[in-house]
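For reference, the structure discussed in these notes is given below.
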Amino acid sequence: KEGAVGDKQIETGQHGVLQLESLDFLPQERMDNAEADTYYCFSALLDDIQDHYTFSQPGLQRRVIQLQTLVQRLDPDLYEHFEHEKLQFLQFAFRWMNCLLMRELSLGNILRLWDTYLSEPQGFSTFHVYTCAALLITFSEDLQKESFQELVMFLQRLPTEKWSENDVELLLSQAYMWKNIFNYAPSNLKKPN
């Protein structure tokens, strides 16, 4: 793929990612703006997840518990199946929180996902939990048929390799809806009597 800046062509690789050698001819002002934007995005990421990587990783543990609570409320059958099979959320969700789904989705889909995270308040922390819940529940029917060993294998290798941007957008839409229902009214997460 190629794009143009003025009368110059810019080569892009897979998913429209710029090739570094294509940036040599850009004016300094544009490079400065790109650097500032990059710094802003990286700062937003770190601000959201800094407690994921401190001693005992309290942020990661908190997010895994939030995911467990969400799934218990949103898909009690799946939650009960995990309980029956003695599968703990920490056994799969820790990686999802730690790697921000980079091992579960293609680079192009991660770029789309992270673009949304950057535009959402607390996107890499709070919104990510809702995205993980949507991802897990997407496969609920298949997961409920599996034993412990098969569950672990399935969750470590989700069948998302053929997912398109539309699939990720559906996932994000579901996550956004749940965030608006539950995040601003935490009492909705409590089980009804």
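Descriptive notes on the structure:
- Test result for residue 121, open to solvent by 50 Å² or more (accessible area, probe 1.4 Å), assigned to a loop (DSSP other than H, G, I, E, B), modelled with pLDDT under 95 and at negative phi: yes
- Considering residues of the range 113-162 that are of a type in the set (Asp, Glu) and more than 15 Å from residue 83 (Cα to Cα) only, the residue nearest to the chain's Cα centre (by Cα): 115
- Residue 26 being farther than 30 Å from residue 126 by Cβ, open to solvent by 50 Å² or more (accessible area, probe 1.4 Å), at pLDDT below 80 and among the aliphatic types (A, V, I, L, M): no
- Taking first residues from the range 106-118 that are open to solvent by 40 Å² or more (accessible area, probe 1.4 Å) and partners that are among the aliphatic types (A, V, I, L, M) and assigned to a helix (DSSP H, G or I), the Cβ contacts under 6 Å between residues at least 6 apart in sequence or on separate chains come to 112/168; 118/44.
- Test for residue 109: is it assigned to a helix (DSSP H, G or I), under 10 Å from the mean Cα position of the chain (by Cα) and more than 18 Å from residue 63 (Cβ to Cβ): yes
- Of all residues making up the range 124-144, the number that are polar (S, T, N, Q), open to solvent by 60 Å² or more (accessible area, probe 1.4 Å) and either assigned to a helix (DSSP H, G or I) or under 16 Å from residue 173 (Cβ atoms) (or both): 1
- Selection within the range 145-181 - under 16 Å from residue 95 (Cα atoms), open to solvent by 60 Å² or more (accessible area, probe 1.4 Å) and either at pLDDT 95 or above or assigned to a loop (DSSP other than H, G, I, E, B) (or both): 153, 157
The values are calculated or read from the model by the stated rules, or taken from the named source; none is laboratory data. Not measured: the values here are computed from a predicted model. Cβ atoms come from the backbone with ideal geometry, glycine included; neighbour counts cover every protein chain shown. Surface accessibility is based on the protein's heavy atoms, side chains included, excluding ligands, DNA and RNA. Shrake-Rupley method; radii C 1.70, N 1.55, O 1.52, S 1.80 Å.
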